[in-house]
Each structure stands twice: as C-alpha cells, then as structure tokens.
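One structure is given here, and the rest of the page talks about it.
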Amino acid sequence: MGPDPALPQAGPPSEPGDASLPTAIVSLQVIEALAHAPQGLGVTQLSQQLGMPKARAHRHLSALREHGYLLQDPRTNHYRIGWQLYLLGKACVGRFDLMTLAKPALQRLRDAVGQTVVIASYSEQEVVVIDFLRGTSPLEISLRPGSHFSLNASAQGKLVLAYGPPALREAYLSRPLPRDTPRTIVAPDRLRAELDLVRGRGWADAPEELFTGINALAAPLLQAGGDLFGTLAIVGSIHYLPAAADPAHIEALRSTAAEISAMMGYAAGG
C-alpha cells in the first residue's frame, strides 16, 4: 500500500474522515465498515459513511483489494470482505473456528476415505485453502493454508463457479481460462457444460486437471440462507481417487459437507 499524503498530526481525531488519521487506521475503518455491510459498499457510499473524499476512499479500497483483503463485485463494483481478511480473522479469533467445530466430522471423513481432507474458501479468481487434515494413505498429499488454485482447474473451483454468485461466474468465463495441465478445461462452452453437471449431481471432480497424477472430489459448504461459504474436498493420488469416482467416497463427502453446512445454519430445503 502506498503512503497516504495525510500524515498524522497532534491531537485526538474525532471524525472517521479526519485527515489526521494514520493510513493504517483509515484502512481498518474501511474494513470495519465493509464487515457490517454484507452486500458490500461502493466508493461513494463508503466515502459518505466515513466522511472522507472519494479519492481517498478509492485509494484504500484499491490497495486492500490488490492484496486480497477485499473483493469487488464485477457487476455492481461494490466492495466486500475478501478471503485474505477471513484467514486473518481466523488466525486472530478462536471463538468460532470452523475447523475445530467440524473436526470430528472431518476426521470421520478422513478415516473413511484415507485421503487428505481440505476446507477452502474462494476469491474472484481462485480457490483458497483454509485448512486441511492429512490423509492416511501411503502417498500423502500435503497443502498449506493460503494455497490457491484456478477456479477452472480444480474441483473446488468448479463448485465456486457452479454455486457461487452468477456475476463471478460470468466475469471469470469472459476471460481466457488458465491451463495448469494438459487436462485442464480451457474452453468456456465445455466448462459451462461441466458446471451444469456439477449443479445437477451436487459434487465436482478434476482428475489430473490441476496437478498431473492428482484428483480431488469436492462438495459445497452452504451457510444460512443458502449462500456458498466454501468447499469441502478429498484430495489424493489418481490411484486412490480414480477418474471414475467411488460412490462410497461421494456419499461420505456429501454427507460430511451437509453436516458442516448445518453447523453454519444451512437448512436443506428451507
């Protein structure tokens, strides 16, 4: 983030838009305002709410978006909280830790399939790993929280495109699709057909589409109201997770995803 020309001066500030506030404090005020605006805010709305010039508000929004702390809706241009801020909040606040809350269910899934179990969130262009449990198979797949993958190349990303905001899907499909392996789907029409299949069956896979020799099976994690929170996936060698998915793996995955979604307030059929 570039330096803000408004340098701190002596004396306690009294208004959110006070030009004497340090850059870091203004950025935190921007984040706080967006945290209380689930539908997001535009530059004009934010500048009015915080009592600051639009140029200054835009500068902070752009910097925070560039570093992954905010997302921008391509349809409305409104800004909202992004995945990087979620990861930061997860590291700072332990009272509601999804991995801790869901750990028994995740362990049952891991023990049933023997593969690495991954919970991920998403941004406008990527899937972002929140946390994982290592598998028990001889070939271990290890990931790091914060790892990110292309939406079109990963099973988790296909779920985001299938279940996430339509504006996100259309914006992503309007750009050239990245290719991670020779099997990655890069033709928009073919990807749209794949997304229809994902929505119809309720799960996605990506055999050797992200990494050669690796497959993943993923199901959506839904929160109260039915919005997509993120994804639950099992990841392993193509030897253990072949392209022809084991129905037992799919059943265990979807059952666990439904259990975790219920923990977040999602009511199936509600």
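The values are calculated or read from the model by the stated rules, or taken from the named source; none is laboratory data. In this text the structure is predicted, and so the values were computed from the model without any measurement. Neighbour counts are summed over all protein chains in view; Cβ atoms, including those assigned to glycine, are modelled from backbone coordinates with ideal geometry.
A few comments on the model shown:
- Where helices (runs of 4 or more DSSP H) sit wholly within segment 146-241, those with at least 1 residues that are within 14 Å of VAL118 (Cβ to Cβ) occupy 155-163.
- Residues that are modelled with pLDDT of 95 or more and in contact with a Phe, Trp or Tyr (Cβ under 9 Å, 6 or more places away or on another chain), drawn from segment 161-179: LEU161
- Only one of ALA55, ALA37 that is small (Gly, Ala, Ser) and either in the same structural domain as HIS148 (by TED's automatic domain parsing) or without any contact (Cβ under 8 Å) to a residue 24 or more places away in the chain (or both): ALA55
- Test: residue in segment 247-256 that is in contact with a Pro (Cβ under 9 Å, 6 or more places away or on another chain) and either within 21 Å of ASP131 (Cα to Cα) or in the same structural domain as ARG110 (by TED's automatic domain parsing) (or both): no
- Cβ-Cβ contacts under 6 Å between residues 6 or more apart (or on different chains), taken from a first residue in segment 209-235 that is surrounded by fewer than 24 Cβ atoms within 10 Å (Cβ to Cβ) to a second residue that is in a strand (DSSP E or B), are listed as LEU210/PHE149; GLN223/PHE229; LEU228/PRO220; PHE229/LEU221.
- Failed item in (1) assigned to a loop (DSSP other than H, G, I, E, B); (2) on the phi < 0 side of the Ramachandran plot, with ILE130 passing the rest: (1)
- The set of residues in segment 242-270 being of a type in the set (Gly, Ala, Ser) and part of a loop (DSSP other than H, G, I, E, B) consists of ALA243, ALA244, ALA245, GLY265, ALA267, ALA268, GLY269, GLY270.
- Here segment 140-151 is the region considered, the condition is being of a type outside the set (S, T, N, Q) and free of Cβ contacts under 8 Å to residues at least 40 places away in the same chain, and the residue that is surrounded by the most Cβ atoms within 10 Å (Cβ to Cβ) is LEU151.
Yes/no per residue for (1) surrounded by fewer than 19 Cβ atoms within 10 Å (Cβ to Cβ); (2) modelled with pLDDT under 85:
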residue: ALA57; (1), (2): no, no
residue: ASN77; (1), (2): yes, no
residue: GLY89; (1), (2): yes, yes
residue: GLN115; (1), (2): no, no
residue: TYR122; (1), (2): no, no
residue: PRO138; (1), (2): yes, yes
residue: GLN156; (1), (2): no, no
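- Test result for SER255, at pLDDT below 95 and among the hydroxyl-bearing types (Ser, Thr, Tyr): no
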